[in-house]
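Everything on this sheet refers to the single structure shown next.
The values are calculated or read from the model by the stated rules, or taken from the named source; none is laboratory data. None of these values were measured; they are calculated from a predicted model. Here the Cβ positions follow ideal geometry from the backbone for every residue, glycine too, while neighbour counts run over all protein chains shown.
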């Protein structure tokens, strides 16, 4: 009885979405034929976004393989998609697991780029797709001379390893790409790792020069709020203090000498990350806070 009630509640979620203009618009952009498929979900679950004043989320999840009952397997990659309100999005995120096989009814978009969901998701059991899933979940690694073993993080599609940087353990990464592009990024990583002290100083100095004034503006605003009875207390910092409080978390090496440094902010910006980019030829060239 409880299972039947759960299914009825789930259908009510979908029925409310089917009546929206956003869903009807997506349906008009899809082929009229509805089909039942089984599919392999990628390394990430449902994500969502919305533009401007849109009321509904555009909920999507990547499928790495899918097939109709008795049909051929498609492995070119496609998105499973639906407009969703907060309740349906939460339900999808809780029930559709990353790295799983699912079953659902869909309509193919006219441009072939996504599959529009036409109802609930259930667990799949197709043997061929389960074999693809097992292969998909195998660890992928790369041994890089002088830098060690990098493991592919499929959620962000980059190779990463943990390295010592002036006594602090950081994540060093580069994107999975064509061999030539990855070799270029590995070259960038080697340059940075071979002269850690100089690059650490240059990046911190650049961040301080670009963001010190902003950090102290935040501190001044917090002190004014504290005078009004709020609990947080701001504190002005010097250039040297700013540099000391930055905590390096990760470096992403890129092709053609480009790089990105990510720092924890040491509470300079109350938990925002400090992001610095640049190139090994010209040095750091941009810094801001994010998150």
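Could you tell me which of the residues 202, 190, 154, 149 is without any contact (Cβ under 8 Å) to a residue 60 or more places away in the chain, in the same structural domain as residue 272 (by TED's automatic domain parsing) and surrounded by 12 or more Cβ atoms within 10 Å (Cβ to Cβ)? None of the others qualify; the one that does is 190. Here the condition is being without any contact (Cβ under 8 Å) to a residue 60 or more places away in the chain, within 17 Å of the chain's Cα centre (by Cα) and not assigned by TED's automatic domain parsing to the domain that holds residue 154; of 43, 59, it holds for 59 alone.
Which ranges mark the helices (runs of 4 or more DSSP H) fully within region 157-271 that have 1 or more residues being modelled with pLDDT under 95?
It comes to 196-227.
Take the conditions (1) more than 22 Å from residue 278 (Cα to Cα); (2) under 28 Å from the mean Cα position of the chain (by Cα); residue 146 misses just one of them, which is (2).
Within region 254-284, how many residues turn out to be in contact (Cβ under 8 Å) with a residue 40 or more places away in the chain and under 14 Å from residue 208 (Cα atoms)? The qualifying residues number 7.
Among the residues in region 28-36, are any modelled with pLDDT of 95 or more, in contact with a helix residue (DSSP H, G or I) (Cβ under 8 Å, 6 or more places away or on another chain) and surrounded by 13 or more Cβ atoms within 10 Å (Cβ to Cβ)? Scanning region 28-36 turns up no residue that is modelled with pLDDT of 95 or more, in contact with a helix residue (DSSP H, G or I) (Cβ under 8 Å, 6 or more places away or on another chain) and surrounded by 13 or more Cβ atoms within 10 Å (Cβ to Cβ). Taken together, the residues in region 240-253 that are surrounded by 15 or more Cβ atoms within 10 Å (Cβ to Cβ) and in contact (Cβ under 8 Å) with a residue 60 or more places away in the chain amount to 6. Considering region 267-291, the residues that are in contact with a helix residue (DSSP H, G or I) (Cβ under 8 Å, 6 or more places away or on another chain) and farther than 21 Å from residue 172 by Cβ include one that is surrounded by the most Cβ atoms within 10 Å (Cβ to Cβ), namely 268.
For residue 89, the requirement of being touching a strand residue (DSSP E or B) at 6+ places or on another chain (Cβ under 6 Å) and assigned to a helix (DSSP H, G or I) is met. Entry remark, region 273-291: residues being modelled with pLDDT of 95 or more and part of a loop (DSSP other than H, G, I, E, B) number 3 in total.
Output the residue which, of all residues in region 119-143 that are part of a strand (DSSP E or B) and within 23 Å of the chain's Cα centre (by Cα), is surrounded by the fewest Cβ atoms within 10 Å (Cβ to Cβ). Result: 141.
Only a single item in (1) over 27 Å from residue 287 (Cα atoms); (2) within 25 Å of the chain's Cα centre (by Cα); (3) assigned by TED's automatic domain parsing to the domain that holds residue 283 is not met by residue 116, and it is number (3).
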